[in-house]
1. How much net charge surrounds His203 when only the other residues with a Cβ under 11 Å from the Cβ of His203 are counted, with Lys and Arg +1 and Asp and Glu -1?
2. As a test question: what accessible area, to the nearest 10 Å², does Glu20 have when a 1.4 Å probe is rolled over all protein chains in place?
3. Within 10 Å of each candidate Cβ there may be at most 10 other Cβ atoms; applying that plus a DSSP loop requirement, which GluC sites (Glu not before Pro) in segment 161-190 survive?
4. Run the accessible area of segment 266-317 with a 1.4 Å probe and give the carbon-and-sulfur part as a rounded percent.
5. How large is the accessible surface per residue of segment 197-255, computed with a 1.4 Å probe and reported in Å² as a whole number?
6. From Cα pairs below 8 angstrom and at least 6 apart in sequence, can you work out the relative contact order of segment 207-277, rounded to a whole percent?
7. Grab the other residues whose beta carbon is less than 10 angstrom from that of Ala169, score K and R as +1, D and E as -1, and report the net.
8. Given the protein chains as shown and a 1.4 Å probe, how many square angstrom of Ser154 are accessible, to the nearest 10?
Amino acid sequence: MNSKIAALYKKFLKGELSPEETAIFLDLLTSCERDELPDVEEVVALDERDCELNKTISEDIFFTITGTPLSTPTVPIWKRRWSIISAAAGLLLIGLAFLFQFKFGEQHGNVAHDIAHYSNPTKFVKRLVLPDGTHVSLRQGAQIELLSDFDTDSLRRIKLSGEAFFEVAKNPEQPFVIASSGDFDVRVLGTAFNLNSSHGHSHLVLNHGRVRVSRGKEYSIVQPGQQVAYDKQQKQFAVSKADTSTASNWKSDLLSFKEVPLSQIVADLNNLYPDSHLELIDSFRMESYTGYLPASDLEKSLTMLNTAFNQTIIHKK
């Protein structure tokens, strides 16, 4: 509380200390307790001069201490108007962006939903390739539903209802799983097999590779040349030898047609081969066909149909 120390303190606060005085003052400060030093107000009171701060200095000091302006700046009307217009334009753009995202997302979702379902309403065998490169032959009435995203998910999961032959694309890092609507699920890495899956019944014949079938905690490993079904009475899997060629003959066998309208046959062929653009001549739209046709050979089917009626009744557009 010495007056000389207080004077040094005042000069320090005002930034008027010489280098020598600064060294002395700092040395004194290190040897003093905090309560031995005068308050800022007491030191300022030692200066008897009047000091008037103009508006600019006051605002600078206030902003330095508080981080906020002392007075709210007045914005001209034209600037405020442009600010409002800019804000409104920004809100409009945001609204349009949300609308676009909503519509596009809805469209994208619908497309993804369509792609994720496959069915075969025709009498022929429908061949398709899944997003991972897996080849599937769908028998009449069979349906497949994709349950996962093959690009991002850790499992390639599908659901099968009906009968189909699979040639699964190999990917050890992403197993292929069939959630059956019948008796059991199937898990594979890369293999070929025939699976007949319906409510209350499932039957699998393995051509090559290896699969794991499971039902709850029960499971069984199936080897090439074996077939498996679930024995509900014994509550276990029944594995036995199988004739793999016979089990999947339906993929290439001749299909029987009895008084099936030609218009329906052409519609089925267009469903299976959309790029062929087949057209039945008008005079045969009410005719029916009885006989055999290949399960999955378009050219041979057309030849047999045209031969049966002794003329070209179906042609490509």
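The values are calculated or read from the model by the stated rules, or taken from the named source; none is laboratory data. Nothing here was measured: the structure is a model prediction, and the numbers come from that model. Cβ coordinates were reconstructed from backbone atoms using ideal geometry, including for glycine residues, and neighbour counts include every protein chain displayed. The area values use the complete protein model at the heavy-atom level, side chains included, leaving out ligands, DNA and RNA. Shrake-Rupley method; radii C 1.70, N 1.55, O 1.52, S 1.80 Å.
1. Residues close to His203 contribute a combined charge of -2.
2. Spelled out: Glu20, probe radius 1.4 Å, area about 120 Å².
3. Qualifying residues, ordered by number: Glu173.
4. Roughly 50 percent, rounded to a whole number.
5. I get 62 Å² per residue for segment 197-255.
6. About 18 percent, as a whole number.
7. 0
8. In the full protein context, Ser154 sits at about 90 Å².
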